[in-house]
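Student: So that we are looking at the same thing, I have put the structure below in structure tokens.
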Amino acid sequence: MNPFRYVKATSPADALARMGRNPGARFVAGGTTLLDLMKLGVETPDVLIDINHLGLDGITEDRHGLHIGAHVSNTDLAEHDSVKKKWPVMSQAILAGASTQLRNMATVGGNLLQGNRCGYFRDVAMPCNRRDPGTGCGALGEQPGVEGINRYCAVLGTSPSCIAAHPSDMCVALVAVDAKVKISSPAFDRLERAEDFFRLPGDTPQIQTRLGPDELITGIELPELPAGARSMYLKVRDRTSYAYALTSAAVVLTLDAKGRIDHARVALGGVGSVPWRSHEAENALLSSPPTEEAFRAAAEAAFAGAVPYQYNGFKIALGQDTLVRVLNELVRPGAGERP
Amino acid sequence: MDNPEIGQPDETADVAVPVTLTVNGRRHDLMLDPRVTLLDALRNYLGFTGTKKGCDQGQCGACTVLVADRRIDSCLTLAVMNQDVPIVTIEGLGAPESLHPIQKAFIEHDGFQCGYCTSGQIMSAVALLEHEKPPASDTEIRERMSGNLCRCGAYPGIVEAIRCVRDAARNPVAGEAA
Amino acid sequence: MIPKNVIGAGIDRVDGPLKVTGGAKYAGDVSLDGMVYAVPVTSTIARGNIASMDTSAAVKAPGVRIVMTRENAPPLFKGGNDYDDACQSGEDWMPLQDDEIYYDGQIIGLVVADTLERAIHAADLVETSYQSCRPMVDLTAALKKPDATQPATALGQPLQYERGDVDKALAKSPVRIDRTYTTPVQHHNPLEPHASVAEWSDDGSSLTLHETSQWVVNSRNSIARMLGIDQSKVTVRVLSPFLGGGFGSKGYAWAFSALTAAAARELGCPVKLVLSRRQMYSLNGHRPSTTQAVTLGSDRRGRLKATRHLCGTYTSKVFQYIEPVVLSTQLLYKCSSLRTGFDLARMNTGTPTPMRGPGETPGLFALESAMDELAFATGVDPIDLRRLNYAERDPRTNNRQRWSSKHLNECYDKGAEEFGWKDRPKKPASRRDGRWLIGYGMASATYPAQNTSSSVKVSLTADGRAEIEVASHDLGTGTYTILCQFAANELGLPVSKVSCRLADTFLPPSPCAGGSQTVASVGPAVIAACKNLLTFRKAGMPGEETVTIPGSQPNGFSWQSFGAQFAEVRVDAALGRIRVHRFLGIYDVGQIINEKTARSQVHGGIIQGIGMALMEATAFDPYFGRVMTPNLADYHFPVNADIHGIRVSFIDEPDPHFGPMGARGLGELPLTGAAAAVANAVFNATGIRVRDLPILPDTILAKG
Ligand SMILES: Cc1cc2nc3c(=O)[nH]c(=O)nc-3n(C[C@H](O)[C@H](O)[C@H](O)COP(=O)(O)OP(=O)(O)OC[C@H]3O[C@@H](n4cnc5c(N)ncnc54)[C@H](O)[C@@H]3O)c2cc1C
Ligand code: SF4
Ligand code: FES
Ligand code: FES
């Protein structure tokens, strides 16, 4: 880790002002992403601005929904009574991530900005356009036919410059519930839809979100889900716990009086360059009866544009099956989730 | 008051800053490089070597301690960020002559082999049973103890130890008889 | 008070109170006055040469004491390559002596600073440029290169072996299984990183090393040799009283320890070096990947007529390590025509080294999977198939030599009974619970028994306390407790009156804590010493006894442990999820000394076996040769939630022809065969035969 100065900000305005004065600075919240990347030499801030004392740690509820401070821990959000009752998909997604220790440390704001888990990004000796633009993409490989270790990479939304998958569980649920991100910048405050917050890699994989370098996330808002909505998150991974998603799916669904799907929101994890909202799947589901065929069709629509790489082609089938499974579970709860 | 962070710090600057840590009920005033993690502060500057480093990257749980009654991985937080909060390490739990019930249960159920993950496992177990919603089933114990890796594979004993302490707390009489 | 049944009882670990209170001091916990911190600088390429190293920024960084590279490093020497003389290092080469890069993560420098933070940062400031070449990290390709060899033997046993006429027997066999199985690179990943703390006396006449070592005697001899120390002039002492797991990775001596001592010598102050998790993927060994072609020929009832097992694996460019994969195939079943072959490639990786159950573990995955395929092909129950081909005597001796004791049939019987084998789904993919397919699988386990010469000192006080002293080790294996049990039993003392000091080269020497031989080697010495002290004990007098006993001499019997393992898996085929729902192991290892620690050790072996079956694998970038999974989030081994329903049982029969206690050791045995039991259960559950480990969700999806 390179040397840095440590300063403690006392309010959002103070944090922004300090950031404005130090272009090489970083905010530190839980530290579980930032300190990890600093130890790896991927992040080398010269000033660390501690934003754990800005008073952004409350959760309040009103008729529009839930207002969550940026510094609320992942644990507190997942265990919040209203969240468990009204946004179960959020709670399930958070609890599917990392470990209790890490969720106790990790904050909502930090989770939105957890970089990515690509092994090449995390190894400063390896080429990576996202970390060092122009050096190449290690996961895609140097030579045709000799791709890098890209089993965990994305199949949706990739570009020739970067194929990394977004690793977050929470953000997939945020996208599915149409959450908004509250952002404070020196000039003004704004709300950004979670879905729009994340940027596809394109030619500039180093820019991952719409947050400016001098801006601060102050919180998120969860709008009320439609009446009668069911929601669920499911994650498939290499071991039963404490592992990143190979694939995941977050779905919010309502059925009309005739039992047809009249509202669906679908987001996918582990398969996209960003937490992947699939309007294609949603459109396929709308107005259809909740049958296996309809679910299959939606899953196929979701992955219609998928591009596989040498070691991650399985994510297309697995991602589809994950989505179909969640849809089935939502209309026929408990039909098989035993062991 | 403004902090003197303005201007590019010299590449080599690693000026120590005052840090006060409250560990196992005692206050310690230190001068530390801001880079020192809570884990390294405990181990290298305060001599609490019961807390272990297995990965230094939040991937194993060997460094688990309680901060304000919550279990965290002390390798991914800085010492300077943990002032004014009570920190509890394995050394604050019990001594060989006066073991905490969880420590006793770990011995009785052989919840360890090499012992290297053990401090972290025990701190996690303490948080689980004393500061979180008690686990309802073995499956839940397993899931909620999954942030503590054990390469020796002591998991069956760990689950037994936690289950027994939980049951003894629920039903003290039966617990003692068992 | 005379203790009853001290041997065999499930006594709590005597080191338990220290371990649960954080009081046990591991090497990396040692802190000495004036101690400074060393951090290795490692290569970022896997093959080539160092063109230049710029250390100017590192040297100027605050707190830095020394930056050692090939330019200024003191001369260091190859460690020994002599296992029998307790001088065995992991590499036949020494870093910082030349420019060549043989593998990714190789040590190319050492930075020492007054704090850990400064040392780590300064190591990052060293700028190295290379002339790099394309490294060889692909086993299939490496096996075709001219530097691949066919070593004749490993561990004194033939690798290129034939009995009978395999080709003829195969040609005549009506049923034939001919398949290739592969196992990946695995890393030991003890939770405790390797560490060394070195301190010299002021006059340079003695060096004390606090090491992560499973064999302190070897560490002393090898590190002394690397440093060019004449042990008759300089006293080297190595201590390793608590070890956070080793699994083989801390048996051989590694160069970083000598570098630590060399830095301490240069600087005149104690130096601590703890490897980072990333460095542990290059600098302290691993289990090499294997590709194994197994051919079985049988009659229609499953009687084996021919067996052929050809293994390809590799070693590094700096050491000749041979993973003895095919040896167990030569003895597990009765088969008159059998051939094994072995090809050894060389690759640009860190050196492979023994890892728990070396040889048997990858070997039995292949053999026991092939046996399952044969059972399926012939329609014979997998257990019946094994009974049918039971080796009553050692097949390597033309079925003449007897086993010292073998109860494998009882393992099959007892296991089948306890597991409910008769309820097994007879047809693959025929049973389900909701979305989960259910399958049962089994496999045999085997591992040789051995013991070697050990010394020990036992002292007795007048008031009836005994102390055992020996340079042996407790890696979590229970040695502290078990040795106390032996002494308590012999001297008629309660275990609480016996204490034990281990892992210090100032104590009487003992062999490597590897190969499941500690109890069988050190135990007899403790017993012998105590027997000599009995007259003192009866007279209530203090006494002291140091004995050295030889390892067991050939006695006309073959020494081998056996077991049978059973797995029930549940597979959610659409999502590729696999859960080991139940696992039962029945082991025939002779006398059990401590039921509690034995059970735990076996749990550990099974859990590592489940890890091998379902998730463990190290990946190298195919182009750069760099380890791409060098941490515990990318290299997965089981977490608590992966483990359910493990049961263990022992055939607790002392071996009458092996050592005074008839205890054959059990550290490695449970890992052998475990992965095959799981893979066979996956086949039974799904009809999908996986021949390439690990069985990940993608594996199931691709084949389903
Ligand atoms: C071993 C391990 C396993 C993990 N497994 C999972 C998993 O399975 N699923 C999953 O979803 N996640 C996983 N995580 C990631 C974890 O969820 C994130 O590290 C965590 O959410 C980040 O939050 P933090 O508060 O610690 O962020 P920090 O590390 O403090 O910050 C992260 C980044 O966000 C910036 N930042 C933080 N807060 C703000 C703010 N309010 N405004 C502007 N910028 C801000 C920081 O400057 C920094 O760049 C894992 C992490 C580890 C170490
Ligand atoms: S996939 Fe993206 S993050 Fe990974 S190496 Fe390529 S550019 Fe870097
Ligand atoms: S050392 Fe902190 S989690 Fe491993
Ligand atoms: S007891 Fe050894 S790592 Fe858990």
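Student: Just going by the charge dipole of chain C, with Lys and Arg at +1 and Asp and Glu at -1 on Cβ, which of C:MET442, C:THR44, C:LEU125 is farthest out on the positive end?
Tutor: So the residue we want is C:MET442.
Student: Take the alpha-carbon centre of segment C:587-616, take the same for segment C:158-199, and report the distance between them in whole Å.
Tutor: Measuring centre to centre over Cα atoms gives 20 Å.
Student: Rounded to a whole number of µm²/s, how large is the Stokes-Einstein D of segment B:17-92 at 10 °C and 1.306 mPa s, given Rh as the Kirkwood radius over C-alpha pairs?
Tutor: For these conditions, the coefficient is 133 µm²/s.
Student: Name the GluC sites (Glu not before Pro) in segment B:29-111 that are in a loop by DSSP and that have at most 15 other C-beta atoms within 10 Å, would you?
Tutor: Working: sites: B:GLU91, B:GLU97, B:GLU108; in loops: B:GLU97.
Loop-located and lightly packed - B:GLU97.
Student: Accessible area per residue for the protein assembly as shown in Å², computed with a 1.4 Å probe and the full protein assembly in place, what is it?
Tutor: 33 Å²
Student: In debye, nearest 20: dipole of segment A:230-331 around its Cα centre with unit charges on the Cβ of K, R (+) and D, E (-)?
Tutor: 300 debye
Student: Along the charge dipole of the protein assembly as shown, pointing to its positive end and built from +1/-1 on Cβ of Lys, Arg, Asp and Glu, which listed residue (C:ALA152, A:SER168, C:LEU475) has its Cα farthest out?
Tutor: Checked the options; the winner is C:ALA152.
Student: Per-residue mean of other chain beta-carbon atoms within 10 angstrom of the beta-carbon, peptide C:610-617?
Tutor: Other-chain Cβ atoms within 10 Å of each residue's Cβ, averaged: 2.
Student: Please report the antiparallel percentage of DSSP beta bridges with both residues in chain C, rounded to the nearest 5. Could the numbers behind the result be given before it?
Tutor: Details: 94 of 127 bridges.
Roughly 75 percent of the DSSP beta bridges within chain C come out antiparallel.
Student: Further question: Under the rule of -39500 (n - 2.57) per DSSP H run of 4 or more residues, summed and divided by the residues of chain C, what mean residue ellipticity at 222 nm is obtained, to the nearest 500 deg cm²/dmol?
Tutor: -7500 deg cm²/dmol
Student: How well do other chains shield peptide C:645-651, expressed as the mean number of their Cβ atoms within 10 Å of each residue Cβ?
Tutor: Average neighbour count from other chains, rounded to a whole number: 1.
Student: Given H placed 1.01 Å from N in the peptide plane, which residues other than close sequence neighbours of C:VAL36 have an amide H under 5 Å from its amide H?
Tutor: C:VAL271, C:LYS272
Student: Out of the chymotrypsin sites (Phe, Trp or Tyr not before Pro) in segment A:168-228, which ones are loop residues according to DSSP with at most 16 other C-beta atoms within 10 Å?
Tutor: Of the chymotrypsin sites (Phe, Trp or Tyr not before Pro), the ones in loops of segment A:168-228 whose Cβ has at most 16 other Cβ atoms within 10 Å are A:PHE188.
Student: Under a point spin-label approximation (7 Å from Cα along Cα-to-Cβ), what is the B:ALA16-C:SER453 distance to one decimal in nm?
Tutor: 5.2 nm
Student: Determine how large the accessible area of C:LYS250 is when every protein chain is in place; take a 1.4 Å probe and give Å² rounded to the nearest 10.
Tutor: Using a 1.4 Å probe on the heavy atoms, I get roughly 0 Å².
Student: If you don't mind, another one. Just to be sure I follow the definition: excluding the sites themselves, where is the longest run in chain C that has none of the GluC sites (Glu not before Pro) in a DSSP loop with at most 12 other Cβ atoms within 10 Å?
Tutor: The longest such stretch corresponds to C:72-391.
Student: State the Cα centre-to-centre distance between segment A:1-48 and segment C:287-320 in whole Å.
Tutor: About 55 Å separates the Cα centre of segment A:1-48 from the one of segment C:287-320.
Student: Over the alpha carbons of segment B:101-177, what is the largest minus smallest coordinate on each principal axis, giving the biggest first in Å?
Tutor: Result for segment B:101-177: principal-axis Cα extents of 34, 23, 18 Å.
Student: Report relative contact order for segment A:5-50 in percent, whole number only (criteria: Cα-Cα under 8 Å, sequence separation at least 6).
Tutor: Relative contact order for segment A:5-50 comes out at 56 percent.
Student: Related question: State the antiparallel share, in %, of DSSP beta bridges confined to chain A, rounding to the nearest 5.
Tutor: Roughly 80 percent of the DSSP beta bridges within chain A come out antiparallel.
Student: From the convex hull of the Cα coordinates of segment C:568-659, what is the mean projected area in square nanometres?
Tutor: 9.2 nm²
Student: Lys/Arg Cβ at +1, Asp/Glu Cβ at -1, dipole of the protein assembly as shown taken about the Cα centre: which of A:ILE183, A:TRP87, B:ALA95 is farthest positive-ward?
Tutor: Sorting the options by dipole projection puts first A:TRP87.
Student: While we're on this one: When a/c reaches 1.5 or more, the comparison of a/b and b/c decides; with that in mind, is chain C rounded, prolate or oblate per its Cα gyration tensor?
Tutor: On the way: a/c = 1.81, a/b = 1.19, b/c = 1.51.
Here chain C falls in the oblate category.
Student: Can you compute 3J(HN,Hα) from phi for each residue in segment C:300-308, using the Karplus curve 6.51 cos²θ - 1.76 cosθ + 1.60 with θ = phi - 60°, rounded to whole Hz and x for Gly and Pro?
Tutor: 5, 8, x, 6, 5, 10, 8, 9, 10
Student: While we're looking at this one, here's another question. Direction-averaged shadow area of the convex hull around the Cα atoms of segment A:74-116, nm²?
Tutor: Averaging across all directions leaves 2.9 nm² for the Cα convex hull.
Student: Counting other C-beta atoms within 10 Å, and keeping those with at most 15, which DSSP coil trypsin sites (Lys or Arg not before Pro) do you find in segment C:1-72?
Tutor: Those satisfying the criteria are C:LYS4, C:ARG70.
Student: Each residue of segment C:183-196 in order: what ³J(HN,Hα) in whole Hz does its phi give by Karplus 6.51 cos²θ - 1.76 cosθ + 1.60, θ = phi - 60°, with x for Gly and Pro?
Tutor: With coefficients 6.51, -1.76 and 1.60, one gets 10, x, 5, 10, 10, 4, 6, x, 5, 8, x, 4, 8, 8 Hz.
Student: Rounded to the nearest 100 Å², what is the sum over both chains of accessible area buried where A meets C, with a probe of 1.4 Å? Write out the running numbers ahead of the final one.
Tutor: On the way: alone 15070 and 26150 Å², together 37750 Å².
Adding both sides of the contact gives about 3500 Å².
Student: Relative contact order (percent) for segment A:230-331, with alpha-carbon contacts under 8 angstrom and 6 or more residues of separation?
Tutor: 26 percent
Student: Further question: For chain A, what does the helix formula give at 222 nm: sum of -39500 (n - 2.57) over DSSP H segments with n ≥ 4, over the residue count, nearest 500 deg cm²/dmol?
Tutor: Details: 12 runs with 94 residues, N = 339.
It lands at -7500 deg cm²/dmol.
Student: Now, a different point. Express in whole angstrom the spacing between the alpha-carbon centres of segment C:344-420 and segment C:472-489.
Tutor: Taking the Cα centre of each part, segment C:344-420 and segment C:472-489 sit 30 Å apart.
Student: Give the Rg (one decimal place) followed by the Dmax (whole number) of segment A:230-331, computed from C-alpha coordinates and expressed in Å.
Tutor: 13.2, 46
Student: Treating only the Cβ of Lys, Arg, Asp and Glu as charged (+1, +1, -1, -1), what charge dipole size does the protein assembly as shown show about its Cα centre? Round to the nearest 20 debye.
Tutor: Here the size comes out at about 3320 debye.
Student: Within chain C, what's the longest run with no chymotrypsin sites (Phe, Trp or Tyr not before Pro) in a DSSP loop and at most 16 other beta-carbon atoms within 10 Å? Give the range, please. Mind showing how you got there, number by number?
Tutor: Working: sites that count: C:PHE77, C:TYR83, C:PHE506.
Free of exposed loop sites, the longest segment is C:84-505.
Student: Run the accessible area of segment A:5-50 with a 1.4 Å probe and give the carbon-and-sulfur part as a rounded percent.
Tutor: Heavy-atom surface of segment A:5-50 belonging to carbon and sulfur, 1.4 Å probe: 53 percent.
Student: Under the rule of at least 5 residues apart or a separate chain, name every residue whose amide H is placed under 5 Å from the amide H of A:THR10.
Tutor: A:ALA15
Student: Which value in deg cm²/dmol, rounded to the nearest 500, describes the helix-derived mean residue ellipticity at 222 nm for chain B, given -39,500 (n - 2.57) per DSSP H run of n ≥ 4 and division by the residue count?
Tutor: Calculated at 222 nm, the ellipticity per residue is -7500 deg cm²/dmol.
Student: Running Debye on segment A:5-50 with equal point scatterers at the Cα sites and no solvent, what base-10 log of I(q)/I(0) appears at q = 0.20 Å⁻¹?
Tutor: Taken in order of the listed q values, log10 I(q)/I(0) reads -0.60.
Student: Share of Cα-Cα pairs in segment A:143-230 beyond 20 Å, in percent?
Tutor: Details: 1857 of 3828 pairs.
Looking at segment A:143-230, the distances longer than 20 Å represent 49 percent of pairs.
Student: Report, to two decimal places, the Cα Rg of chain A normalised by 2.2 N^0.38 Å (N = number of residues).
Tutor: 0.98
Student: Continuing with this model, one more query. Go through C:SER649, C:SER129 and list them by solvent-accessible area, largest first, probe radius 1.4 Å.
Tutor: C:SER129, C:SER649
Student: A further question on this structure: With a Cα-only, solvent-free Debye model of the protein assembly as shown, what are the log10 I(q)/I(0) values at q = 0.06 Å⁻¹?
Tutor: Here the Debye-derived log intensity ratios amount to -0.49.
The values are calculated or read from the model by the stated rules, or taken from the named source; none is laboratory data. The shown structure was predicted, so the numbers you read here are calculated from the model rather than taken from an experiment. Don't worry about glycine lacking a Cβ; one is built from the backbone with ideal geometry, like all the others, and counts go over all protein chains shown. Protein only, heavy atoms only, side chains kept; ligands, DNA and RNA dropped before computing areas. Shrake-Rupley method; radii C 1.70, N 1.55, O 1.52, S 1.80 Å.
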